[in-house]
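The values are calculated or read from the model by the stated rules, or taken from the named source; none is laboratory data. This structure is a prediction, so every number in the text was calculated from the model and none was measured. Virtual Cβ from ideal backbone geometry, glycine too; neighbours counted across all protein chains shown. For the accessible areas, the whole protein counts, side chains as well, though only heavy atoms, and no ligand, DNA or RNA atoms are used. Shrake-Rupley method; radii C 1.70, N 1.55, O 1.52, S 1.80 Å.
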Amino acid sequence: MDADGDPTRAADVDPAAVLADGGRPDWYRDAVVYSLDVKTFQDSDGDGWGDFRGLIDRLDYLEELGVDCLWIRPFYPSPLRDNGYDVADYRGVDDRVGSLDAFDALVEELDERGIRLITDLVLNHTSTEHEWFQRAREDPESKYHDYYLWTSHVEQAYNTSNIFPEYEDGVWSYDEVADKHYFHQFYNHQPDLNVANPDVQEELFSIAEFWLERGVDGFRIDAAHPMVLPKGHNAHRLDDPQWLFRELKRRARAVKDDAVLLAEADDEPDRLDFYFAGGEGFDALFNFVGNSHVTYGVGVGDTWPLYRMFEQIPDAQPNGHVWWANFLRNHDEWNLLKLPHEALEHAREEFREGHGDGRDSWIFGRGHRLRLADLYDGDHDRIAMAHSLLLSLPGTPILFSGDEIGMHADLDLPERQAVRTPMRWDGDEPNAGFSTAAPEELVLPVDGTGWPGVYQADAAGQRGVEGSLFERVADATAARAASPEVARGDCSIVHVDPKEVWAHRFDHDGTTLLAVHNFADEPREVVADVDVAPDAVERVLGASDYDLVDDGVRVTLGGCDYLWLRGERR
Ligand code: NOJ
């Protein structure tokens, strides 16, 4: 990305190289990804749990939305004390959501529709209920003992803060069967794996192979940053931490030559390049810097956070190895640590209350357990504009299930469960169409019963309804699909006045794609300095007026409006 507004660097990009990554098409760069949890998406058998069959039944909806790839969160057997990120068996399917056969049926159905599938791989830790941990604690001589990190002298052991500071004092917990403490960076029921142990490494690689052979197209690698942090009694670091990621990619690509590895690595901006390992490591990284800055900027109606975001993250041009997975919200807290301190403090107060009823949504000392609709006061215009912006940013956009219809958080639920309630399909049906089970049998309560009006947003009330949030998000995904410039072009900021309006452009193959977003509630007019042939300008997305003037394109935007235009460069 080019923060100085100079769009010239695309000139030496070889289009063939752009389309290939070591000979493999980098399909993920053109994809719109949709993140969902099978157990809260659609229940097909009335037991109160979403399942693979239910998801298959809802694929038409996802196609309508313009989704090219699903990222499904953990569905493995698990005690679910961290929503499935506490895996008890890496090669199975939790029987409440289906079976391996049902998983295979999903893969087949997705294949027919040309939709890709990414699953979560949690390689940093297991559940304490995983057989490896059970055998490790029972027998210090077993090979499984060294799958984890133990100490008999906890007072002298390396200590650091836990990632869930509200719930855990530190990173060591006592296990009475082993009569030792074990190391865990997350909850105490999630012992860290000793990723320096070659046997563990082999296990992890072969788990990836197992799922690739079953048809997945890649993985979201959970907690990639904690994987390579110092661990255990002596704060051991891997000699060559990048090797782990390089080897994972090598093994994955040997099974499927376009398998994609997407890292959840919420590291400092100047350390992010490490995870790409010069093109031999992760294919893409979640853009946590972008997430905090974009969602905050749109929320407060100011564009300075976007300027800062473009300055902070490493360059991402399509002929390079750096690539971002952009998102507005995810299934965790909205983590604000990447904002400057004052903005974090401001965001902490500004967005503190969920439904305005005084309940505090701040968690882990770093973020809000709120959905986009809570942050933007249920304003569908602002949510739609934020999605248009997301879909126009360089990188792969990841939609968070339910945000496309403006679902709200349920702060009655503990911790991050607040943002993970079942999909609201149809407010006129029991459990909003998610399940026919009795409400007390649902995996999580369906939100909205206590909240009038906009809080009961559902899919049925928006599908096919012109101007609805769902349709506007679908229009934006269609615009993205029709704009190869975003994934392939050279991005630069277009400086416009006033500061509530953000504009950026992509230059690609003789065309310029201009995207303009008004963060203000009131109309704004800007002139974007782009030099395009007057008779060859086409509207790609949005209904705002525009005309060509001497010094560029003048755009008249309504409150929270947006416009994408394509022109031929002069
Ligand atoms: C990141 C996941 O997104 C989060 O939900 C989980 O709690 C931690 N990793 C631990 O696996």
State yes or no: is residue 123 within 14 Å of the ligand (Cβ to nearest atom), at pLDDT 95 or above and not acidic (Asp, Glu)? yes
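Answer yes or no: is there a residue in region 371-378 that is in contact with a Phe, Trp or Tyr (Cβ under 6 Å, 6 or more places away or on another chain) and surrounded by 20 or more Cβ atoms within 10 Å (Cβ to Cβ). Spell out how you get there, then give the answer.
Step one: filter region 371-378 for residues in contact with a Phe, Trp or Tyr (Cβ under 6 Å, 6 or more places away or on another chain), giving 375.
If we keep only those that are surrounded by 20 or more Cβ atoms within 10 Å (Cβ to Cβ) too, we end up with 375.
Looking for residues that are in contact with a Phe, Trp or Tyr (Cβ under 6 Å, 6 or more places away or on another chain) and surrounded by 20 or more Cβ atoms within 10 Å (Cβ to Cβ), one finds at least one in region 371-378, hence yes.
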Name the residue that is farthest from residue 264 (Cα to Cα), counting only residues in region 404-416 that are surrounded by fewer than 24 Cβ atoms within 10 Å (Cβ to Cβ) and away from the ligand (no atom under 16 Å from the Cβ). 412
Would you check which residues across region 530-566 are of a type outside the set (D, E, K, R) and free of Cβ contacts under 8 Å to residues at least 24 places away in the same chain and list them? 534, 543, 546, 548, 549
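Of the residues in region 339-387, how many are of a type outside the set (Gly, Ala, Ser), out of contact with any Leu (no Cβ under 6 Å at 6 or more places or on another chain) and within 16 Å of the ligand (Cβ to nearest atom)? Lay out the reasoning, then the answer.
Applying the first criterion (of a type outside the set (Gly, Ala, Ser)) to region 339-387 yields 339-342, 344-346, 348-353, 355, 357, 359-360, 362-364, 366, 368-372, 374-377, 379-383, 385, 387.
Now restrict to residues that are out of contact with any Leu (no Cβ under 6 Å at 6 or more places or on another chain): 339-342, 345-346, 348-350, 352-353, 355, 357, 360, 362-364, 368-371, 374-377, 379, 381-382, 385, 387.
Next, from what is left, pick out any that are within 16 Å of the ligand (Cβ to nearest atom): 363-364, 368-371.
Adding up the residues that qualify gives 6.
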Which one is farthest from the ligand (Cβ to nearest atom) among residues in region 231-268 that are open to solvent by less than 20 Å² (accessible area, probe 1.4 Å) and over 24 Å from residue 72 (Cα atoms)? 232
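If you take just the strands (runs of 3 or more DSSP E) that sit entirely in region 451-570, which of them hold at least 3 residues that are open to solvent by less than 50 Å² (accessible area, probe 1.4 Å) and of a type outside the set (Asp, Glu)? It would help to see each step written out before you state the result.
On the way: elements: 490-494, 501-508, 511-518, 524-528, 532-541, 545-549, 552-557, 562-569.
Output list reads 490-494, 501-508, 511-518, 532-541, 552-557, 562-569.
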Scan region 289-321 residue by residue and report those that are closer than 25 Å to residue 241 by Cα, surrounded by fewer than 22 Cβ atoms within 10 Å (Cβ to Cβ) and not polar (S, T, N, Q). 314, 315, 316, 320, 321
Taking the stated definitions as given, is residue 426 touching a Gly at 6+ places or on another chain (Cβ under 7 Å), assigned to a loop (DSSP other than H, G, I, E, B), of a type outside the set (A, V, I, L, M) and away from the ligand (no atom under 16 Å from the Cβ)? yes
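Can you tell me how many residues within region 231-280 are of a type in the set (Lys, Arg), without any contact (Cβ under 8 Å) to a residue 60 or more places away in the chain and part of a helix (DSSP H, G or I)? Spell out the reasoning first.
Step one: filter region 231-280 for residues of a type in the set (Lys, Arg), giving 231, 237, 246, 249-251, 253, 256, 271.
Now drop any that are not without any contact (Cβ under 8 Å) to a residue 60 or more places away in the chain, which leaves 237, 246, 249-251, 256, 271.
Within this subset, residues satisfying the condition of being part of a helix (DSSP H, G or I) are 246, 249-251, 271.
Total meeting the criteria: 5.
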Just checking, does region 435-447 include any residue being at pLDDT below 95, open to solvent by less than 10 Å² (accessible area, probe 1.4 Å), out of contact with any helix residue (DSSP H, G or I) (no Cβ under 7 Å at 6 or more places or on another chain) and part of a loop (DSSP other than H, G, I, E, B)? yes
Mind counting the residues in region 181-201 that are closer than 17 Å to residue 135 by Cβ, in contact with a His (Cβ under 8 Å, 6 or more places away or on another chain) and away from the ligand (no atom under 11 Å from the Cβ)? 2
Being within 16 Å of the ligand (Cβ to nearest atom), open to solvent by less than 20 Å² (accessible area, probe 1.4 Å) and among the hydrophobic types (A, V, I, L, M, F, W, C) is the filter here; which residues of region 269-288 pass it? 282, 284, 285, 286
All conditions in (1) touching a Gly at 6+ places or on another chain (Cβ under 8 Å); (2) within 24 Å of residue 88 (Cβ to Cβ); (3) at pLDDT below 95 are true of residue 167 except (1)
Can you pull out the residues in region 53-101 that are surrounded by fewer than 21 Cβ atoms within 10 Å (Cβ to Cβ), within 13 Å of the ligand (Cβ to nearest atom) and of a type in the set (A, V, I, L, M, F, W, C)? 80
Pairs needed: first member in region 508-529, over 12 Å from residue 381 (Cα atoms); second member anywhere, among the basic types (Lys, Arg); C-beta distance under 6 Å; at least 6 residues apart or different chains. 508/488; 510/569; 511/566; 512/505; 512/569; 513/566; 514/505; 527/554
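Could you tell me how many of the residues in region 34-52 are outside any loop (DSSP other than H, G, I, E, B) and either open to solvent by 40 Å² or more (accessible area, probe 1.4 Å) or in contact with a strand residue (DSSP E or B) (Cβ under 8 Å, 6 or more places away or on another chain) (or both)? If you could, list the steps in order and put the result at the bottom.
Narrowing region 34-52 to residues outside any loop (DSSP other than H, G, I, E, B): 34-36, 38-40, 52.
When the remaining residues are screened for being either open to solvent by 40 Å² or more (accessible area, probe 1.4 Å) or in contact with a strand residue (DSSP E or B) (Cβ under 8 Å, 6 or more places away or on another chain) (or both), the result is 34-36, 38.
Adding up the residues that qualify gives 4.
Residues of region 111-120 being in contact (Cβ under 8 Å) with a residue 60 or more places away in the chain and more than 16 Å from the ligand (Cβ to nearest atom), which ones? Spell out the reasoning first.
Filtering region 111-120 down to residues in contact (Cβ under 8 Å) with a residue 60 or more places away in the chain leaves 111, 116-120.
Across region 111-120, the qualifying residues are 111, 116, 117.
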